[in-house]
Amino acid sequence: MMGTRTIEIMVGVFVAAGIAALFVLALKVSNFGQTSVRGGYQLTAKFENIGGLRAQSPVSAAGVRVGQVTSIVYDQKDYEALVTMTIAPNFNRFPSDTSASIYTSGLLGEQYIGLEPGGAEDFLKNGDYIQLTQSALVIEQLIGKFLVSMSEGKDAQR
Amino acid sequence: MIGLLQNIGRSSIGFLERTGRATLFFLRVLAGVPALMLQFRLVLAQLYSVGVLSVLVIVVSGLTVGMVLGLQMYNTLAKFGAASSLGPVIALALVRELGPVVAALLFAGRAGSALTAEIGLMKATEQLSGMEMMAVDPVRRIVAPRLVAGILSMPLLAAMFSAVGVLGGYLVGVGMLGVDAGAYWAQMQAAVDWRGDVINGIIKSVFFGMIVTWIAVFEGYDAVPTTEGVSRATTRTVVYASLAVLLFDFMLTALMFGDTLI
């Protein structure tokens, strides 16, 4: 039978290793710590089609992450998706005519909102609405359009 | 015909009786838990035999499960040119399902069977009745520390399993098959949610720890006090605990991820 001391040390090592594994899961595996943008300001935008965007998708400007999508609701008046995003408080110099587009990172990657600053003098602030938006590219629609334009081209040749 | 119906009825009544006894026993054990705060030494000794001694089997299985996942997923993902999503696939599979479930199954085999055999033998050799003679409640003294140790160590073991599994996937995916290391971690972090995936997996493993240890200590305490009875009880522990883990996993998954799984 082992001494109490050895048992206590082994249990201590066990608990420490378990907690270390939790830390690995938190910091290395999951998005812990980068999920919530605290104390940021909110912007809204309407999109015709959001594609695969979802809450907690990143919002970036020039490829740098500046915030995240907080909620997506369907606006029954305009038949569009109303997207609310939270921008980190240190990124507070977006011109008021900034445009928002939905992009895909890579061909099959996740979708995110890209902000392109305009040239206006005043800046966007909490609760502002982004006028200029560009919807997500939906591959099926693209293929559909391509097929239609192909057949139209053939008709014209005849 | 009547005989068949009688058999079905008898086994149903027997099952209900056992479930009822197990529930009452569980409540009795729970009532003994608060007093343990004063005698944490008892729990510590059980943490050693239930938790520490299970680490090796958990870590080795986690590593191999992660490596096999990496190998198998890579073949399918590479067909679609999506080998860089290897990280999220491995991490989500491990953190949500395989970590808690496989760790609990191994735990039932490694620690659950040992608990049943130990308590069953204590009963067979009349140590439990000896304690009762000395006015020591064996449920509080023997069973409660084991239950607490099981509930405490299961989430730690499941977390180790998942973490080591992700590492095993990394070794195979990045080391052997040439997936980009940055893509492996970055896509994983983008896909795995701390609260939605990791915490839910931990909650699952707490449940599993409770169910497995509960079944183990009850089977031991309820065993027929003979050599054969103890061996049967040990087998029953592993079978029932494994089935219960799989069944509860389905229910917990439906509750937790039912709306996010499309």
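Bear in mind that the values in this text are calculations on the coordinates, not laboratory data. Since the structure is predicted, the reported quantities are computational estimates derived from the model, not experimental observations. FYI the Cβ positions are ideal-geometry reconstructions off the backbone, even for glycines, and counts take in every protein chain you see.
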Could you give the radius of gyration (one decimal) and Dmax (whole number) of the Cα atoms in the range B:74-206, in Å?
-> 21.1, 70
Under 20 Å from a point 7 Å along the Cα-to-Cβ line of residue B:64: which residues of the range B:166-183 have their amide N that close?
-> B:166-173, B:176
Expressed in nm to one decimal, what extension gain is obtained for the pair residue A:72 and residue A:16 from 0.36 nm per residue of sequence separation less their Cα-Cα distance?
-> 16.1 nm
With T = 4 °C, eta = 1.567 mPa s and Kirkwood Rh from C-alpha pairs, the Stokes-Einstein D of the protein assembly as shown in µm²/s is about 51
Quick P(r) readout (the range B:154-248; Cα-Cα; 5 Å bins; whole %) gives 3, 12, 15, 15, 13, 11, 10, 8, 6, 4, 3, 1
Would you mind getting me the FRET efficiency between residue A:5 and residue B:129? Use the beta-carbon distance for r and R0 = 41 Å, nearest 0.05.
-> 0.80
Note on the range A:41-138, DSSP bridge orientation, antiparallel percent to nearest 5 equals 75
Counting only other chains, what is the mean number of Cβ atoms within 10 angstrom of the Cβ of each residue in peptide B:41-51?
-> 4
Given charges of +1 on the Cβ of Lys and Arg and -1 on the Cβ of Asp and Glu, with all other atoms neutral, how large is the dipole of the range A:57-153 about its Cα centre, in debye to the nearest 20?
-> 260
For peptide B:155-163, the mean count of other chain Cβ atoms within 10 Å per residue Cβ is 6
So who's got an amide H within less than 5 Å of the one on residue A:70, skipping anything under 5 residues away but keeping other chains? H placed 1.01 Å off N, in plane.
-> A:56, A:84, A:85, A:86
Pairs of alpha carbons in chain A whose separation is greater than 29 Å (percent) | 41
Return the distance in nm (one decimal) between the two label points of a simple spin-label model at residue A:137 and residue B:176, each offset 7 Å from Cα along Cα→Cβ.
-> 3.6
To the nearest 10 degrees, how steeply does helix A:139-157 sit against the main Cα axis of chain A, on a 0 to 90 scale?
-> 20
Are there chymotrypsin sites (Phe, Trp or Tyr not before Pro) in the range A:73-142 that DSSP marks as loop and that have at most 12 other Cβ atoms within 10 Å, and which are they?
-> A:79
With a point put 7 Å past each Cα toward its Cβ, work out how far residue B:56 is from residue A:62 in nm, to one decimal.
-> 5.7
Report, as an integer, the average count of C-beta atoms from other chains found within 10 Å of each Cβ along B:180-193.
-> 3
Filter the DSSP H helices in chain B by two things, a Kyte-Doolittle mean of at least -0.5 and an axial alpha-carbon span of 24 angstrom or more, and list the hits by number.
-> B:2-36, B:55-79, B:144-170, B:200-222, B:227-257
So what's the range B:1-69 giving for Rg/Rh, alpha carbon basis, Kirkwood Rh from the mean inverse pair distance?
-> 1.28
Expressed as a whole number of Å, what is the distance separating the alpha-carbon centroids of the range B:133-210 and the range A:12-82?
-> 24
Label zone at residue B:79, where the point sits 7 Å out along the Cα-to-Cβ direction: the range B:165-189 residues whose backbone N lies under 20 Å | B:173, B:177-179
Please figure out what share of the DSSP beta bridges in the protein assembly as shown is antiparallel and state it in percent, rounded to the nearest 5.
-> 75
What spacing in nm lies between the two simple spin-label points modelled at residue B:38 and residue A:99, each 7 Å away from Cα in the Cβ direction?
-> 7.4
Distribution output for the range B:21-255: share of Cα-Cα pairs per 5 Å bin in percent, first bin at 0, values 1, 7, 13, 16, 16, 13, 10, 7, 6, 4, 3, 1, 0, 0, 0
Mean Cβ count within 10 Å, highest first, over the residues of peptides B:200-206, B:51-57 = B:200-206, B:51-57
